[in-house]
Amino acid sequence: MDAPVGLTYVFGRLPVHGAQELTLRGFPLRIKDIIVDQQLIIAAGREKSLFRRHPWIFSGAVAAVKGRPKSGQTVDVLGQNGQWLARAAFSPKSQIQGRVWTFDADERIDAEFFLRRIGQSAARRRSLETESDALRLVQSESDGLPGLILDRYAAVLVFQLLTAGAEFWRAEIIAALRTLFPDDAILERSDVDVRAKEGLAERIEAVHGEIPELVEIRENGVRLLVDVRSGHKTGFYLDQRDSRLAVGRAAAGAEVLNCFSYTGGFGLAALRGGAKNVTQLDASAPALDLAVRNRDLNGFAPESMTTVCGDAFQILRAWRKEGRTFDLIVLDPPKFVDSKASLTRAARGYKDVNLCAFHLLRPGGRLFTFSCSGLMEDALFQKIVADAALDAGSTGRIVRRLTQAQDHPVALAFPEGAYLKGLEIEVE
Ligand code: SAH
């Protein structure tokens with residue numbers, strides 16, 4: 001076997017009481033940092049994705065687990081011939097049994113690792129800070145930190161731990177955040193159902209500092225209040241920042257429908273861009289309450305914005321019967337697809353809502369239509385939208401393709417990181 005060179009291997013052989021006293025570059029080494037021959041052995045012929053630096057190891061690719069690692073602990077990933085492939089977090093309950101932390105045999109997984117990777121990830125976003133003071137600082141696998149989401153909302157940091165591996169290093173991740181961002185408050189929003197797949201319970205915890213009821217952020221000249229404690233995701237849909245800007249630029253003079261509006265982001269961007277008026281439609285009353293507060297915060301006149309609370313599918317159909325029309329429509333529905341099995345049902349949902357939108361658009365109008373389902377491929381989404389236009393008797397053309405904002409990057413080795421797609425369509 002190729003022994004990994006470096007300290008991990010050496011310390012792995014030290015008696016535990018000795019290891020507790022050791023430090024590495026100023027960081028104390030503790031028992032949990034030390035891999036004592038815990039390994040995932042990859043089945044013959046299944047190493048290929050690891051050679052391509054894909055971070056997921058499916059249970060079917062694991063030939064053997066050696067050394068009885070606990071949930072979330074670090075394991076060395078080896079090929080059949082003992083070749084060292086990667087160092088990963090072990091998720092025994094998940095279909096994805098290993099998530100790779102590093103492909104570098106010399107890189108230790110310890111407090112310093114998290115400090116370094118989180119720091120680098122945040123530094124990569126520095127140039128975006130001028131547009132907004134709310135940014136995703138760590139995007140899980142795409143930033144080399146599987147299972148960790150970190151968002152900044154002005155002076156409040158919100159993180160989510162999605163996997164057993166991220167959960168295992170919780171204390172070190174929090175310590176890294178305290179070191180890197182000493183002036184910021186920290187909230188944990190690990191209240192996501194994917195944790196159940198990893199055998200983890202949900203958790204919401206104010207970890208450090210004062211967490212205000214609502215945090216005010218700014219995005220491309222719009223002020224927004226964010227409910228970090230109980231809003232969707234970590235409080236706001238940061239991934240749509242670039243598309244909100246695109247809507248704002250197309251909105252001058254328009255009567256706008258923002259369907260699936262949440263707290264009004266697209267509609268407020270449209271008002272800032274000179275829209276005549278905006279109808280914000282969402283099923284969530286608290287989200288719409290916040291949309292009204294956001295309107296006031298930006299000084300937009302009360303008559304410039306209407307909120308409608310209810311089911312978009314029913315309301316759009318009713319408006320179609322009434323002959324209501326708009327110049328610009330935004331459709332940003334929730335994720336309809338959460339498994340391959342639900343794709344057909346989801347396709348019907350997307351078709352239905354896009355069909356309604358084409359009916360409600362005035363000649364020369366614009367549709368901004370989105371899907372945030374990773375399992376819905378770009379080509380299929382475009383076909384669904386095209387079919388909807390055809391059924392509605394509309395002729396349209398795609399004038400721009402839209403995607404998740406730059407602070408939600410897609411690692412080249414991890415194409416699954418691309419989930420948000422959108423089309424800006426001009427109709428005749
Ligand atoms: N465009 C928003 C994010 C939208 S997220 C932004 O940029 O901030 C999807 C929204 O759809 C959620 O706010 C959710 O409350 C809403 N929603 C889900 N199902 C709905 C339905 N059937 N009718 C209306 N709104 C719905």
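The table below gives the values:
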| quantity | calculated |
| --- | --- |
| Under Karplus coefficients 6.51, -1.76 and 1.60, residue-wise ³J(HN,Hα) of segment 304-318 in Hz, glycine/proline x | 7, 9, 10, 10, 10, 9, x, 7, 4, 4, 6, 5, 4, 5, 5 |
| Between 0 and 90°, nearest 10: helix 111-124 axis offset from the chain longest Cα axis | 30 |
| Carbon/sulfur fraction of accessible area - segment 111-208, other protein chains in place, 1.4 Å, % | 52 |
| Semi-axes of the equivalent ellipsoid for segment 185-309, Cα gyration tensor, largest first, Å | 29, 15, 13 |
| Under-5 Å amide H pairs with Val330, H placed in peptide plane, nonlocal only | Leu257, Asn258, Cys259, Phe368 |
| DSSP bridge pairs, the chain: antiparallel proportion in percent, nearest 5 | 65 |
| Amide hydrogen neighbours beyond the local backbone of Ala43, cut-off 5 Å, H modeled | Val62, Ala63 |
| Choice from Thr369, Thr130, Thr395 showing the highest fluctuation, given a GNM over the chain with Cα pairs closer than 10 Å | Thr130 |
| Spin-label pair Glu210/Asp183, simplified geometry with 7 Å Cα→Cβ offset, distance in nm | 1.6 |
| Gaussian network model of the chain, springs between alpha carbon atoms under 10 Å - residue of Asp191, Asp183, Asp332 with greatest fluctuation | Asp183 |
| Cα-based shape type of segment 35-102, given that a ≥ b ≥ c are square roots of the gyration tensor eigenvalues and the cut on a/c is 1.5 | rounded |
| Distance-filtered residues of segment 321-338 - backbone nitrogen under 15 Å, label point 7 angstrom along Gln95 Cα→Cβ | 337-338 |
| Inter-probe distance in nm under a simple model that places probes 7 Å from Cα toward Cβ, at Ala64 and Lys351 | 5.1 |
| Taking the chain and dividing mean pair separation by its residue count, relative contact order in percent (alpha carbons under 8 Å, at least six apart) | 10 |
| The chain: angle of helix 170-180 to the longest principal axis, Cα-based, in degrees nearest 10 | 70 |
| Highest to lowest packing among 303-309, 270-276, 115-121, scored as the average C-beta count within 10 Å | 270-276, 115-121, 303-309 |
| For segment 358-428 versus segment 135-198, the gap between their alpha-carbon centres in whole angstrom | 30 |
| Positive-end residue of Ala250, Ser373, Ala185, charge dipole of the chain with Cβ unit charges | Ser373 |
| Sites Glu129 and Gln80, calculated FRET efficiency, Cβ-Cβ separation with R0 45 Å, nearest 0.05 | 0.45 |
| Per residue solvent-accessible surface (Å²) - the chain, probe of 1.4 Å | 44 |
| Accessible surface of segment 372-428, 1.4 Å probe, proportion on carbon and sulfur as whole % | 54 |
| Beta bridges per DSSP with both ends in segment 237-427, % antiparallel, nearest 5 | 40 |
| Rounded to 10°, Cα long-axis angle of helix 241-250 versus longest principal axis of the chain | 20 |
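The values are calculated or read from the model by the stated rules, or taken from the named source; none is laboratory data. Predicted model, so just to flag it, every value in this text is computed and none were measured. All Cβ positions, glycine included, derive from the backbone under ideal geometry; neighbour counts span all protein chains shown. Ligands, DNA and RNA are stripped out before the accessible areas are found, and what is left, the full protein with its side chains, is counted by its heavy atoms. Shrake-Rupley method; radii C 1.70, N 1.55, O 1.52, S 1.80 Å.
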